[in-house]
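Have a look at the structure below, then the notes.
Read-outs: derived from the displayed coordinates by stated rules, not from any lab. The structure presented is a predicted model; accordingly, all values stated were derived computationally and were not measured. Using ideal geometry, Cβ is built from the backbone for each residue, glycine included, and neighbour counts are taken over all protein chains shown.
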Amino acid sequence: MQFIVAIDGPAAAGKGTVARAVAAEFGFAHLDTGLLYRAVGAKAMMRGRGVIVAEIATEIAQGLTEDDLTREGLRTARVAQAASKVAALPAVRAALLDFQKAFAKREGGAVLDGRDIGTVICPEAEVKLYVTASDEVRAERRYQELKAKKPETKLETVRIDLQQRDIRDASRDVAPMRAPDDALLLDTSELSIDAAVAEAVALVTKRFEKA
Ligand code: CDP
């Protein structure tokens, strides 16, 4: 059985939480595609001594391994910025395409979350969700997450990081972040995590019964 749940949305909107919960509920595999770009960005910054060089980033994307995805430090704001920069490079996206498509088509169902899942990676997905939240709520959520690991984190810096990435991700030429036309919009600004997850699970259940 193949069944694909595509979850997209801007930074820190709650995609990951919803994706993990849906995957657990239905026993589907889950891929956080942001991690692929974070892994490429982190390695490219290291190899380029703080500068992203397109050829180096492409080479890294082409040779990305499982180990690269489990490295420490991929969740920092610095790596998020690097991820967003390499994610705008067409050759980097092309190098990561087959892996994501194959993951989506695995037997037993899959949930993928990112920016272009419903539009580019899996336009045929059975369920498409676009998870959003207000700028304030997203900044506050990410601030709390980052502060837990790095107490000196500043809310204003987090806000700027999210804003810069949203603009870059939405305005790039290749696979820009946007809601698929046939996606259900899930605004989590005023929803608890449980309520957001319940809405997503209800939608998947409805489509799943029909499949
Ligand atoms: O967790 P957060 O929403 O902040 O970011 P993420 O999902 O880990 O993604 C990090 C960056 O990777 C994003 O800002 C995008 O530039 C890029 N990305 C992408 O272009 N396409 C995807 N499918 C997933 C992430």
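Which of the trypsin sites (Lys or Arg not before Pro) found in segment 137-211 are in a DSSP loop and have at most 15 neighbouring Cβ atoms, other than their own, within 10 Å?
Qualifying residues, ordered by number: Lys154, Arg178.
For an R0 of 35 angstrom, estimate the FRET efficiency from the Cβ-Cβ distance between Glu107 and Ala198 and round to the nearest 0.05.
0.85
Rounded to whole Å, give me the distance from the Cα center of segment 31-102 to that of segment 104-181.
Centre-to-centre distance over Cα atoms comes out at 15 Å.
Can you give me the distance in nm between label points at Met46 and Ile160, each placed 7 Å from the Cα along the Cα-to-Cβ direction?
It is 2.7 nm.
Which of the three applies to the chain, rounded, prolate or oblate, going by the alpha-carbon gyration tensor with a ≥ b ≥ c and a/c under 1.5 meaning rounded?
oblate
Which FRET efficiency value, to the nearest 0.05, do you get for Glu140 and Leu184 by plugging their Cβ-Cβ distance into 1/(1 + (r/R0)^6) with R0 = 22 Å?
0.35
Take the chain, mark every one of the GluC sites (Glu not before Pro) that falls in a DSSP loop and has at most 13 other Cβ within 10 Å, then report the longest stretch left between them, sites excluded.
1-71
Which residue, Val22, Val131, Val120, tops the fluctuation ranking in a GNM of the chain built on C-alpha contacts under 10 Å?
Taking springs between Cα atoms under 10 Å, the residue moving most is Val120.
So how far apart, in nm, are the two label points at Ala94 and Glu126 if each is 7 Å from Cα heading toward Cβ?
3.3
Over 18 Å between Cα atoms, which of Lys128/Lys206; Lys43/Lys150; Lys43/Lys85; Lys43/Lys101 qualify?
Violating the 18 Å Cα-Cα cut-off are Lys43/Lys150; Lys43/Lys101.
Starting from 0.36 nm per residue, how many nanometres of slack lie between Thr65 and Glu209 once their C-alpha separation is accounted for?
Fully extending the segment from Thr65 to Glu209 adds 48.2 nm.
If a paramagnetic tag sat 7 Å from the Cα of Glu152 along the Cα-Cβ line, which residues of segment 61-79 would have the backbone N under 15 Å from that point?
Residues passing the 15 Å test: 77-78.
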